[in-house]
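Read the figures in this text as sums done on the coordinates, not as results from a lab. Remember, it's a predicted structure, so these values are computed and weren't measured experimentally. All Cβ positions, glycine included, derive from the backbone under ideal geometry; neighbour counts span all protein chains shown.
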Amino acid sequence: MVEGSTDRLTDPDDVLRSVFGYAEFRPGQRKVIDAVLAGRDCIGLMPTGAGKSLTFQVPAKILPGPVLVISPLISLMKDQVDALVRTGFRAALLNSTLDAAGRRATLEALRRGEIELLYVAPESLSDWLRDELARAGIALVVVDEAHCISQWGHDFRPAYRRLQGLKALFGDVPILALTATATRQVVGDILRQLGMRKPDGFKGSFFRPNLIITAHKKGAGRNTRRDVLGVIRAHRGERGIVYCLSRRTVDETTLWLRQQGVVALPYHAGMSDGDRAASQNAFARDECDVIVATVAFGMGIDKSNVRFVVHRDMPKSIEGWYQEIGRAGRDGLESQCVVLYSWADVLGYDRFLQDQTDPELAASVKAKTRALFELLDGPRCRHQALTAYFDERIARCGTCCDRCCGVTVDAIVQRAGPVKRRIPGEHAVEIANPDVFDRLRALRKRLADADGVPAYIVFSDAVLRQMAERLPRDEQELLAISGVGPAKLERWGAEFLRELNGGAAR
């Protein structure tokens, strides 16, 4: 799919306003954009929800050639491209989901200069495709989830080693490496593997005050299933993820939750590609309440309205835990993150390492698992301890973890009624005009279903919340809402104004 505007713009602020409908950049975005527009390599350590995508989508409207985005997220590429097209981009993808005719059509469009953004899976980078791309005048190479290139990272992907040499192959174009989680060791590995030279960099804050973190040690007569169910029921009508250690636990937990009346679906590597895709699509389209998954689910999730993440079992590392809780609250609204942990979970990960032939790597993995156990079992502010792992010092959060404000599992389970949202830096507040908000969500789902896309591609919860609060009466007032750009206004504006004005657009 390569529809969209052919207009080239020259100023990043103009692109932000006229294409995306935002008034200002988030911290670090403009610094990264200016670096790549100046032709410099750059690495961005930007936590989930910080707006990494804009750092290459904005340049794609300015640079003279296409932007190549290397991403491991095959199952999400179509949604990402669909979202870009509906925002006014000429975007396409190349991965194993395309048939021969689709690949030919995409490559022909690329040769004709009709593509601004091309998403490619690292597994697809054959010598033949590399040569094709080299002739396409690539202006920028973006390596998303860049930590996957390092065996010292928490999610090493061997296919990422195919990225070596791309910089030279494409005529010394700038490389932009993006990741939400990387230690100093992993960052060094990224720079070496990609051949980046004297890169600019931006490291965002890893402190996300809208994530309310609670940890509870399993055992001592507690019922883990009941704790998980209690968190889900405290978030009635909202979407969440439950992470489990093993495929068997995923299947068993999913079945039990269904028996309790929860609309839950499983996701793990033991399922067929079709079944995994069906679960992911149902979640993206708000057709289920909860995904129960192994860590195979979630990298790069664009869904902005995940309101809770529960770890039924302890994650295997601090990086992994941070990445997984980062799938909650991408819209900046308050979201619950509950982790249930035990020493038995640590020993369970040790068993996974029995076939590991690299003793140094096995020792590193074991150390990371134990470091997370010690963090969860310790008395320190959760956010303070978590950010310290990524070399960032903050004061105690004071308001958004169990160590600081006593948000225990029991307190969550006993809570009833709507869940309050917090905008970072402000007191917890209710959604203004909740009935209007619910009507707008229902309309969004109808429009998304009719268009065959996830709901968040239409508008995020944060945008709908602004609509419900400000009640825009015409196109000009609707366009003034952050996140409503001209392309979305043209596509869906009339429907939303009709709903906001009681069924009759003015």
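Each of 303, 78 was scored by other Cβ atoms within 10 Å of its Cβ. Arranged with the fewest first, they read 78, 303.
Summary value for the chain: 16 percent relative contact order, contacts being C-alpha pairs under 8 angstrom separated by 6+ residues. By other beta-carbon atoms within 10 Å, ranking 128, 152 with the fewest at the front produces 128, 152.
Estimated at 0.36 nm per residue, the fully extended path between residue 255 and residue 410 surpasses their Cα-Cα distance by 53.4 nm.
Compute the whole-percent fraction of alpha carbon pairs in the stretch 211-422 spaced more than 26 Å apart. Taking all Cα-Cα pairs of the stretch 211-422, the fraction more than 26 Å apart is 32 percent.
Rounded to the nearest 20 debye, the dipole magnitude of the chain is 900 debye, with +1 charges on Lys and Arg beta carbons, -1 on Asp and Glu beta carbons, and the Cα centre as origin. A helix-only calculation puts the chain at -12000 deg cm²/dmol for mean residue ellipticity at 222 nm, using -39500 (n - 2.57) for each DSSP H run of at least four residues, averaged over all residues. Size descriptors for the chain (Cα atoms only): Rg and Dmax, in that order, 22.4, 69 Å. Note on residue 127 and residue 287: the extension gain reaches 53.5 nm, defined as 0.36 nm multiplied by sequence separation minus the Cα-Cα distance. Between residue 272 and residue 169, the modelled label-to-label distance comes to 3.4 nm, taking each label 7 Å out from Cα in the direction of the beta carbon. If the chain linking residue 184 and residue 432 were pulled fully straight, counting 0.36 nm for each residue of separation and taking away their Cα-Cα distance, it would gain 85.0 nm.
Taken about its Cα centre, the stretch 45-134 carries a charge dipole of roughly 260 debye when the Cβ of each Lys and Arg holds +1 and the Cβ of each Asp and Glu holds -1.
Computed about its Cα centre, the charge dipole of the stretch 211-422 is approximately 780 debye, with only Lys, Arg, Asp and Glu carrying charge at their Cβ. In this entry, the stretch 12-203 is assigned a mean projected area of 9.9 nm², taken as a quarter of its C-alpha convex hull surface.
For a label point 7 Å from the Cα of residue 364 along Cα→C-beta, name the residues of the stretch 185-229 whose backbone N is under 20 Å from it. It comes to 185-196, nothing else. Which FRET efficiency, nearest 0.05, do residue 495 and residue 357 yield, Cβ-Cβ r, R0 56 Å? With a Förster radius of 56 Å, E is 0.45. The calculated Kirkwood hydrodynamic radius for the stretch 298-353 is 12.2 Å, given to one decimal from all distinct C-alpha pairs.
As a proxy for reagent exposure, 13, 461 were ordered by neighbouring Cβ count within 10 angstrom, fewest first; the result is 13, 461.
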